[in-house]
Amino acid sequence: MRGKRVVVEPISAERHGATLFDAYSEDAVGRNWTYMPVGPFPTFDVFRAWLLEAEQSSDPMFHAILDAENGEAKGVASFLRLSPNDGVIEVGYICYAPKLQGTAASTEAMYLMMRRVFDELGYRRYEWKCDALNAPSRKAAERLGFRFEGIFRQATVYKQRNRDTAWHSILDTEWPSTKAAFEAWLDPQNFLENGGQKRSLTEIRRSTLAEPIYP
């Protein structure tokens, strides 16, 4: 999946391991991994061992997010819980290195994956689930156009603690307007010379949707 800012491709320990580990190492306290079922990884060898497992996994299907200019890996995301017969798929294991967080490139990566799901694979429902305590993830889901559906209490346990899971989704019927908003926001003309945005993604979505954006 190739965009103007990023390339999203199947993860490889050999191709992506070194630059990805370096990028994650900028998060010295390991905050990136708080709500992840894996990590933090104290050494490259431990990280590489996980990558070797990840690249063999078919569900989740792990992908590396690369800088389109220099090819450096700056994050990971995956497709998981694939249910082709039902037309349902989830995006998850999203872990952006500090350099990728809050950038237009990070948004483009999610757009590319969403476009693959709806336009190329023909899925009906795209899900985003996260720990209910993970406020940044919930905020990101809603910014990207996912609708909040509710909390599944005591849904799972990870890292020896309970997780109440917040569910969000986008349907195929909602994708055309969501896609248009993404493309309007990602347009270079929407950005100032200093990189700041002229209009936010949420603002653009509000102006293009006939129906309200639910909190």
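A compact table of results
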quantity	calculated
Sequence of S78, S137 from largest to smallest accessible area, 1.4 Å probe	S137, S78
Rounded accessible area per residue of the range 131-215, 1.4 Å, Å²	62
Rounded percent of accessible protein surface that carbon and sulfur make up, the chain, 1.4 Å probe	49
Full-extension gain in nm, I151 to E53, via 0.36 nm per residue minus C-alpha separation	32.2 nm
In Å², nearest 10: area of T19 left accessible to a 1.4 Å probe	50
Surrounding net charge for F62, when Lys and Arg each add one and Asp and Glu each subtract one, Cβ distance under 12 Å	-4
Per DSSP, loop GluC sites (Glu not before Pro) in the range 102-193 with at most 11 further Cβ within 10 Å	E193
Cα convex hull of the range 98-215 - mean projected area over all directions, nm²	8.5
Computed label-point distance, nm, for sites R31 and T173 using a 7 Å Cα→Cβ extension	4.0
Label point distance in nm, E203-R161, each placed 7 Å from Cα along Cα→Cβ	3.6
Residue-averaged [θ]222 nm for the chain, counting only DSSP H segments that reach four residues, each worth -39500 (n - 2.57)	-9500 deg cm²/dmol
Trypsin sites (Lys or Arg not before Pro) within the range 110-187, DSSP loop, no more than 12 other Cβ atoms inside 10 Å	K159
Rounded Å value of the spacing that divides the Cα centres of the range 74-119 and the range 142-202	10
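The values are calculated or read from the model by the stated rules, or taken from the named source; none is laboratory data. Owing to the predicted nature of the structure, the values given are computational and were not obtained by experimental measurement. Virtual Cβ from ideal backbone geometry, glycine too; neighbours counted across all protein chains shown. The accessibility values were calculated without ligands, DNA or RNA, using every heavy atom of the protein model including side chains. Shrake-Rupley method; radii C 1.70, N 1.55, O 1.52, S 1.80 Å.
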